[in-house]
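To keep things clear, I will list the structure first and then write my remarks on it.
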Amino acid sequence: MNCYRHPLYYSTKSYLKLRYKLHPLRVFKLLVLFVIFSIFIALLVPKIIDIYGVKEKEVKIYQATHTFIHSAYYYPTSKSLGKNAVALVTTMNKRTVDKITDYSINLIGTNRSSRWLKQATLTTEHMLNDRCDYSLITAQTNLLDNMRTLEIEADGVLMKVPFKKPKYSAPKPVVFCVSPQFAAEQWQTFLVQLHVSKRYGAHLQLYIVSMVESYFKLIKEYEKLGLVSIEPWLTIKFPVTEGPYLEPNRNVELRNQAAAHTDCLLMYKEAASFVGILDMDDILIPNNANSYYEEFEREYAGSWLISALHYEKFDYKTIKVAELEQQSISAIVRNARRLPTKDSGKSFLRPERWNSSWSHYSRSAVDKPIYLTPQQYEPLYMNLKVLPYNGIFHLKTMKFTNASQVPEGSIPVNPGDNITQLISDQHLQEIEDDLKRMLATEGIAKLSTTLPNDDYYMPIVFKCYNESFYHVRDTEWLYNNVFCVNAFSCELPQREDLPCIHSDATYHSGPTMWPITFHYASDSYFSRDIGCYQLGQNAIALVTTMNKRTVSKITDYTINLIGTNRTDRWLKEATLTTEHLLNDRCDYSLVLGLTNLLDNMRTLEIEAEGVLMKLPFKKPKYSAPKPVVFCVSPQFAAEQWQTFLVQLHVSKRYGAHLQLYIVSMVESYFKLIKEYEKLGLVSIEPWLTIKFPVTEGPYLEPNRNVELRNQAAAHTDCLLMYKEATSFVGILDMDDILIPSNANSYYEEFEREYAGSWLISALHYTKYDYRTIKIRELENQSISAIVKNSQRLPSTDAGKSFLRPERFNSTWSHYSRNVDGQPIYVVPNQERPFFMQLKQMSYSGIYHMKKMNFINSTEVPEGEVPVNPGDQVAKLISEKHLQEIDDDLKRTISSDAISKLSDSLPKEDFYMPIVFKCYNESFYHIRDTAWLYNDITCVNAFSCELPQREDLPCIHSDATYHSGPTMWPITFHYASDSYFSRDIGCYQ
């Protein structure tokens, strides 16, 4: 049979002859058919979707959360939102679902004849991956004509939402939305902002959280003249909740300025031609224009591609004078000096192009696609227009100067073009004349003697903002997925001679809904009873050492607490919980009393059968030096100062602040710690011996009958102290060194390991025992040498926990027995609970410096970094990080104040072997031989015999002790004015 030979050329003729063979023309035909079919499908599928709809994208729900509704607007008509539009401004937990902008809520509108339900889409100006759990979320839909009621619906549950209509007229065509004012006292800034804005044709819309009262009265006088409008900006509260929730005010970016700016934008959306988003100290002066309107119209130039005009902020320092009648905007401008720094700019926009705004611009309106004609296939994109020849005159720093010593000065140049004057002499004189005329009016002039004439709140707030945000940003350590930029926790002492007003309202909670329960406020006003800051829901926590055998089961017992403020007096029962086992041998235990009382509490009392005892109380910290705090077990007869240096410098490198509790300590060691305290690297609390000064009859001695000097009470005190201030709290001993694994900081590691899960009670790290060296001389200390000469021992110890403080109210020495195994329900219809559990960290562990032996500094071996005891593969610490820690140590101990302590620090072990022997005999030996039974042995080392040494003086905690009146069945005792004494020695 002849072989088939493929033809050397192709034609239609050959195509017909080779009917069943692969032919180029046949391939071409198939390709043409495929293209035609693809076009047909592309045209047909959208039609099918339009007719039949598609299955909604499934949104995974993570948890039940709470949302605060700031405002709800109903637009009968709108230039950009459409007819009968509804917009809700909320602060919502964006981690309710996997992606909050894929979720929707049901809104029901009702008029006289109809009732419509529509889904409202959710949008946010905050980044979905940032660290703040709460965000501005705007909900928007369109409902029906003449709407009379608005409701939110979920699974048949309804909540009525009050709404208002937006403004359809404004005093001026330009409105400036000013960021919420908090603890505001610098009234001079307001005068500059108002009179410059007035001259160039803008109306000010202010949002006020809190403000010095006399400054508020000044603004109210301007409000009477129609030059400014005021809205209370409220603290977020969830009045009625089922179960715990994440506190919103501390977990939203910068007091949710974005929500205030969005509320203002929606309020004036239909009334103003332009809206500006700015801070009180952001002064905008038009360049080569007589008004803002003229400049903004010129720069937009009719373009649809400009989302907003964006002006950079140029920082200035200038002067201010204390006397109202001596105010001069001309002097402020002419004495302004440009600083080398700039800040994030601000935006000025046509409101029909934005529906929400962040603090600087609308992230939703940047790179927004637009289609200008029906035939346009590829979109154009709206973007910010950055103004290169003009910028914001930012009054960053204003220093008081004597009115009689104000220099004449000269007008600075425009920071944008660096050529023209910032403002013309004529315009500046017009503004100055207007200011003088206004200040001379009777209503304003009489306020002169009451306005603040020094800086009090401003430096505190500035320091807090700097520590929590600006410093982190300026050192390029600001990562949105690591830090939640928030300054709600600024500690602000109230001043009786500087009264403040604070926003307040009647707060309401809707019925429980799944997955979001909604809350709102009505009848907002300004109160004189709160002061310049406002706390949470009036919780009371008492940390006590109590005889748990007072009753059959101490956790079934309650005590009565009475709180009193200026107008009310409330009595509530406090529930009791403990971290110790109820059947253990120790009669005394940590017992925590918890309840909630009333606003602005001034006195706290314990009551039993009509007998009262007044109890001093303090507020917790609402700010911390770092987002991670390590609570270190009470130090007793402490002398091994080398351990402290390792703990402090490692903790410092990885971003933790140390909170120490001290019973007694060698005096020179204490002085070393005090020097570090001056540097802000450690905080110290005296941990007191328990004393009952006045009793009727005998009692069981408490110090010898509580577990391990009641370390659990110290750790619980520390947890409660920092509960509202930190992201994570660690419970550990001084010699427990934690080094993050594959992370640059503790925060990064803890966030990674929690991974947003509500089922993790705490991260639990096993303690791996090591022996290593220590050097006598302070100047020769080397953490690198200590680490590189470490040998792993075959033993491990009970681990330690690192936790989110909002999940714990108390803790034992190793973890919280109350939280571990705690049932939680994440959905309403869940019949069986999930259980919170410790997450055991398998790939990392605590480097426990169990034994440190002295060695001559000239004989230190070179050594090498040991492996990580968890994974047995990676190094315990990177060479780079270890070198950074060693360099920091050398730099710190070379300072004059610390280096002079070198000769006085202990050069030998004296107390440590005695304490170790005592602990071993009373606890460790019994535990290690498996003879430790909690119901037989009370683990306690208070009775260690410690000889005092005249040549090794100690400090010891002490206080003034008080006994309350005899009560049944518990009489209470407490201490005040705690301090450290040199007269007691290392034991008491």
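The values are calculated or read from the model by the stated rules, or taken from the named source; none is laboratory data. Just so you know, these numbers come straight off a predicted model, no measurement behind them. A quick note on method: Cβ atoms are made from the backbone with ideal geometry, for glycine too, and the neighbour counts reach across all protein chains shown. SASA here: full protein model, heavy atoms, side chains in, ligands and nucleic acids out. Shrake-Rupley method; radii C 1.70, N 1.55, O 1.52, S 1.80 Å.
In segment 744-780, which residue that is hydroxyl-bearing (Ser, Thr, Tyr) and part of a strand (DSSP E or B) is nearest to Phe808 (Cα to Cα)? Break it down into steps so the answer makes sense when it comes.
Initially, segment 744-780 is screened for residues hydroxyl-bearing (Ser, Thr, Tyr), giving 745-747, 754, 757, 761, 765-766, 768, 770, 772.
In the following step, the residues that additionally are part of a strand (DSSP E or B) were identified as 761, 765-766, 768, 770, 772.
On the way: Ser761: 8, Tyr765: 17, Thr766: 20, Tyr768: 25, Tyr770: 30, Thr772: 35 Å.
This residue is Ser761.
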Residues located in segment 129-142, provided they are touching a residue at least 60 places away in the same chain (Cβ under 8 Å) and either surrounded by 19 or more Cβ atoms within 10 Å (Cβ to Cβ) or under 32 Å from the mean Cα position of the chain (by Cα) (or both): Asn129, Asp130, Arg131, Cys132, Asp133, Tyr134, Ser135, Leu136, Ile137, Thr138, Gln140
Any residue in segment 96-108 that's farther than 24 Å from Trp758 by Cα: show its pairings with residues that are basic (Lys, Arg) at Cβ separation under 6 Å, as long as the two are six or more apart or on different chains. Leu107/Lys118
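Being closer than 30 Å to Arg131 by Cβ and buried (at least 18 other Cβ atoms within 10 Å of the Cβ) narrows it down to one residue among Ala713, Ala762; which is it?
That would be Ala762, the only listed residue that is closer than 30 Å to Arg131 by Cβ and buried (at least 18 other Cβ atoms within 10 Å of the Cβ).
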Please work out which residue is farthest from the chain's Cα centre (by Cα), limiting yourself to segment 362-389 and to residues that are open to solvent by 60 Å² or more (accessible area, probe 1.4 Å) and closer than 16 Å to Ser344 by Cα. Pro388
So is Val192 open to solvent by less than 10 Å² (accessible area, probe 1.4 Å), over 23 Å from Arg437 (Cα atoms) and touching a residue at least 40 places away in the same chain (Cβ under 8 Å) or not? no
Report whether or not Glu685 is touching a helix residue (DSSP H, G or I) at 6+ places or on another chain (Cβ under 9 Å), under 30 Å from Val252 (Cβ atoms), open to solvent by 40 Å² or more (accessible area, probe 1.4 Å) and acidic (Asp, Glu). no
Give all pairs with beta carbons closer than 9 Å in which a residue from segment 307-327 that is within 23 Å of Ile392 (Cβ to Cβ) and open to solvent by less than 10 Å² (accessible area, probe 1.4 Å) meets a residue that is in a helix (DSSP H, G or I) and of a type in the set (Ser, Thr, Tyr); count only pairs at least 6 apart in sequence or on separate chains. Leu309/Tyr300; Lys320/Thr189
If Lys368 satisfies every condition in (1) at pLDDT 95 or above; (2) touching a strand residue (DSSP E or B) at 6+ places or on another chain (Cβ under 9 Å) but one, which is the exception? (1)
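Condition check: in contact with a Ser or Thr (Cβ under 9 Å, 6 or more places away or on another chain) and open to solvent by 10 Å² or more (accessible area, probe 1.4 Å). Does Thr796 satisfy that?
When the stated conditions are applied, Thr796 passes them.
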Flagged in segment 437-452 as open to solvent by 70 Å² or more (accessible area, probe 1.4 Å), in contact with a helix residue (DSSP H, G or I) (Cβ under 9 Å, 6 or more places away or on another chain) and within 17 Å of Leu227 (Cβ to Cβ), in numbering order, are Ala440
Odd one out for Ser291 among (1) open to solvent by 10 Å² or more (accessible area, probe 1.4 Å); (2) under 21 Å from Ser509 (Cα atoms): (2)
Contact list please: Cβ distance under 9 Å, first residue in segment 823-842 and surrounded by 11 or more Cβ atoms within 10 Å (Cβ to Cβ), second residue at pLDDT below 75 and among the acidic types (Asp, Glu), pairs at least six apart or on different chains. Phe835/Asp820; Met836/Asp820; Gln837/Asp820; Leu838/Asp820
Based on what the data block shows, is Ser844 within 19 Å of Glu751 (Cα to Cα), in a strand (DSSP E or B) and touching a strand residue (DSSP E or B) at 6+ places or on another chain (Cβ under 7 Å)? no
Pairs returned, first residue in segment 210-238 that is on the phi > 0 side of the Ramachandran plot, second residue that is surrounded by fewer than 21 Cβ atoms within 10 Å (Cβ to Cβ), beta-carbon separation under 7 angstrom, 6 or more apart or interchain, are Gly226/Pro171
Just a yes or no: is a residue in segment 863-871 closer than 24 Å to Leu738 by Cβ, at pLDDT 90 or above and either part of a helix (DSSP H, G or I) or open to solvent by 70 Å² or more (accessible area, probe 1.4 Å) (or both)? yes
Quick test for you: out of Ile219, Ile230, pick the one residue that is open to solvent by less than 30 Å² (accessible area, probe 1.4 Å) and either closer than 30 Å to Val86 by Cβ or in a loop (DSSP other than H, G, I, E, B) (or both). Ile230
Could you say whether any residue in segment 877-887 is farther than 22 Å from Lys652 by Cα and in contact with a helix residue (DSSP H, G or I) (Cβ under 6 Å, 6 or more places away or on another chain)? no
Which residue is nearest to the chain's Cα centre (by Cα), if the candidates are limited to segment 647-682 and must be open to solvent by less than 10 Å² (accessible area, probe 1.4 Å) and aromatic (Phe, Trp, Tyr)? Tyr654
Filter segment 56-109 for residues that are in a strand (DSSP E or B), among the small types (Gly, Ala, Ser), over 33 Å from the mean Cα position of the chain (by Cα) and over 17 Å from Glu153 (Cα atoms) and give the result. Ala85
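If you take the residues of segment 335-361 that are touching an Asp or Glu at 6+ places or on another chain (Cβ under 7 Å) and not in a loop (DSSP other than H, G, I, E, B), which of them is modelled with the lowest pLDDT?
Asp343
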Would you please name the residue that is farthest from Ala712 (Cα to Cα), looking only at residues in segment 595-618 that are open to solvent by 50 Å² or more (accessible area, probe 1.4 Å) and either free of Cβ contacts under 8 Å to residues at least 60 places away in the same chain or not in a loop (DSSP other than H, G, I, E, B) (or both)? Gly610
Working only within segment 110-128, note down all residues that are in a loop (DSSP other than H, G, I, E, B), open to solvent by 60 Å² or more (accessible area, probe 1.4 Å) and among the polar types (S, T, N, Q). Ser113
Looking only at segment 403-418, which residues are touching a Gly at 6+ places or on another chain (Cβ under 8 Å) and open to solvent by 40 Å² or more (accessible area, probe 1.4 Å)? none
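Residues of segment 555-572 being part of a strand (DSSP E or B) and open to solvent by less than 70 Å² (accessible area, probe 1.4 Å), which ones?
The answer is Thr558, Ile559, Asn560, Leu561, Ile562, Gly563, Thr564.
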Among the candidates Leu582, Leu576, residue that is part of a loop (DSSP other than H, G, I, E, B), within 24 Å of His814 (Cα to Cα) and without any contact (Cβ under 8 Å) to a residue 40 or more places away in the chain: Leu582
